[in-house]
1. Semi-axes of the range A:108-224's equivalent ellipsoid from the Cα gyration tensor, sqrt of 5 times each eigenvalue, largest first, rounded to whole Å?
2. Rounded to the nearest Å, what's the spacing between the alpha carbon centres of the range B:82-133 and the range B:256-313? Just the number, please.
3. Going by average Cβ neighbours within 10 Å, how do the peptides A:55-68, B:194-207 rank, with the highest at the top?
4. Determine the alpha carbon to alpha carbon distance for each of A:82/B:114; A:54/A:203; B:177/B:318; A:117/A:199 and list only those over 25 Å.
5. Shielding by partners for A:161-167, please: the mean number of other protein chain Cβ atoms within 10 Å of each residue's Cβ.
6. Please express the shape of the range B:171-233 as an equivalent ellipsoid: the semi-axes are the square roots of 5 times the eigenvalues of the C-alpha gyration tensor, given largest first in whole angstrom.
7. Taking the Cα centre of the protein assembly as shown as the origin, how large is its charge dipole in debye, to the nearest 20, when only Lys and Arg (+1) and Asp and Glu (-1) carry charge on their Cβ atoms?
8. Using only the alpha carbons of the range B:105-195, what is the convex hull's orientation-averaged projected area in square nanometres?
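The values are calculated or read from the model by the stated rules, or taken from the named source; none is laboratory data. Everything numeric here is computed off the predicted structure, so don't read it as measured data. For neighbour counting, all protein chains shown are included, and Cβ atoms are generated from backbone atoms with ideal geometry for every residue, glycine included. Ligands, DNA and RNA are excluded from the accessible area calculation, which covers all protein heavy atoms including side chains. Shrake-Rupley method; radii C 1.70, N 1.55, O 1.52, S 1.80 Å.
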Amino acid sequence: MHVDMNRRWQGMKGWPGWVTVVGIFGVAVSNVWCADLAQAGTVQVGLATNAVGKFAVVRADGIEERLDGRGTLLLYEGDLIKTEAASQGLIELPGGIQVAVNENTVFTILSRWEQAKGITRILRLKSGELWVKTGEGPKPLEVETPVATAAVRETEFDIKVQSDGETTLTVVQGIVEFGTAFGTCPIRTSTISYGKRGKKCTKPAPTDVRQAISWTSAIVGPVK
Amino acid sequence: MKPVMSCSGQVLIRFAFATIVFQGCASPPEEPQLPLGLDPPRIYIANESSNSVSVVDGGTYKVQREVDVFNHGTHDLAITRDGKQLFATNLASGRVSVIDTETLQTIASIYTGKRCHVVTLTNDNRQAWVANIEDDTISILDTKLYRILGSIPIGKGPMGIAFSRDGRYGYVSSQDKTVSVVDTSSHMIIKKLPVGSNPHFLILGLDGRIWGTNTGESSIFVIDPATQEVMSTFEVGPAPQQIAFGYKGTVGPNAYVTVTGLNKVVVVKADPSDLRILEQIDVGTGPNGIWSNPVGTRLYVGHTGSNDLHVIDSGTSKVIAKVDVGRKPIRVVASR
């Protein structure tokens with residue numbers, strides 16, 4: 001084996017110098033490419049911050065991490081986030097999207113890919129309550145619950161899920177496309193709608209939105 | 001010389017000639033179309049270990065393309081009635097891939113749930129129901145927007161899904177040895193029917209009944225949507241997998257059942273009051289997915305052991321073509 005390698009090396013000595021340079025460059029490029037592929041396995045999707053109480057992140061491989069106080073925690077595709085009683089937290093997603101997490105909440109960070117639209121970030125809310133505020137323009141973000149989906153445009157809203165999956169959507173500002181398996185309805189500023197299993201979402205009704213989002217004041221500041 | 005035709009006559013003839021030539025250039029003669037129903041179907045095969053879908057021409061039995069689904073563990077397939085969209089579950093990824101059948105490209109990837117197993121389209125094709133084994137749920141997927149519209153808690157390990165002819169009921173087989181009857185107008189389970197060990201595949205039969213396999217046993221069963229009761233159970237051989245329906249000349253309809261433990265397709269008289277084995281057809285290793293052409297004269301069988309697709313002529317019960325496809329081809333569908 002040793003002899004063979006020596007022969008190969010001696011043979012290479014006769015090669016033009018540019019072949020060696022190109023070879024080394026190729027190996028370097030492939031190393032960078034492979035590193036990219038390896039990183040692509042875990043996609044960073046946001047940051048958790050401003051935790052109050054017990055704010056836990058369960059990674060896709062089952063490892064559980066906790067966020068304490070004012071620290072931060074990177075979030076990845078497939079993470080499950082859960083809060084216990086008297087616990088809250090704030091999540092920052094790309095594009096200036098803020099998500100406040102209320103107590104006793106469980107949700108997973110997912111995504112949908114479409115050739116025509118790219119990635120849509122999805123928060124699958126199993127139970128509890130989220131407040132979402134997006135920046136200007138349509139955002140590729142949806143919140144799924146056991147009985148409904150809220151697709152976000154330029155908006156601020158609160159969404160709450162009961163143990164039977166019944167979903168309450170309160171739109172503070174803007175428009176949310178709120179839909180169940182039985183129909184979709186656009187919900188606008190200062191109105192509320194309910195989604196129940198086996199039913200179309202209810203017609204939007206006026207509501208006191210400040211009351212609905214008053215719980216967020218501890219983590220995103222006082223409601224204006 | 002005196003012209004034989006007046007000037008205006010010549011102009012008319014030239015105009016007519018030019019019109020014919022122009023029309024000829026604008027719309028060249030098209031190839032004669034086949035009568036409706038004679039276009040060969042396109043066959044799609046889910047390759048679980050290749051993470052791909054093989055596309056086979058149903059006329060030449062040549063592989064047209066192997067489509068990368070951008071996911072892992074490709075398992076089940078459902079095709080829309082117009083044949084334009086193909087939905088594929090991916091067990092390992094928990095995602096459904098959507099393939100545009102015109103471009104043969106994957107155009108969307110949607111997370112449904114852990115170990116998503118089968119996908120079945122509602123009768124109006126507006127929704128796809130996806131069974132997530134590890135989440136114990138059915139995800140409701142909007143087939144236009146690709147949004148998850150909700151989920152139905154089913155019980156331990158949902159495995160197979162079929163809808164009644166009128167679309168009022170969904171049937172879901174589960175690892176708890178039952179088939180749940182779901183009212184599609186309320187998404188509530190109205191009944192749980194004990195069937196057998198590891199009930200798996202479900203399909204709407206030509207008789208309007210729901211046919212299924214107990215893969216953990218050696219039997220198939222038939223549910224009557226009129227009574228929501230199991231009306232028949234029948235032994236066909238070890239580890240039956242999937243069922244398709246066809247005819248052998250004047251005999252039929254027959255249920256063609258892939259039986260992995262025998263490496264055969266077992267042909268059963270498709271009469272729930274008189275279920276009996278008519279014949280057994282030798283096929284490749286590990287027959288699993290099976291689908292028939294629209295008129296029930298060809299059966300397409302995928303083999304997870306020999307990694308190929310066999311085409312059976314139901315008239316002679318002979319294998320008339322073998323096509324190498326991807327690794328572990330487990331599910332087969334064809335365009336209508």
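1. Equivalent-ellipsoid dimensions as semi-axes: 20, 18, 14 Å.
2. Distance between centres, Cα-based: 24 Å.
3. Output ranking for A:55-68, B:194-207: B:194-207, A:55-68.
4. Long pairs (Cα-Cα over 25 Å): A:54/A:203; B:177/B:318; A:117/A:199.
5. Mean number of neighbouring Cβ atoms from other chains: 1.
6. Semi-axes (√(5λ), whole Å): 18, 14, 9.
7. Computed charge dipole of the protein assembly as shown: roughly 720 debye.
8. Details: hull surface 23.3 nm².
That works out to 5.8 nm².
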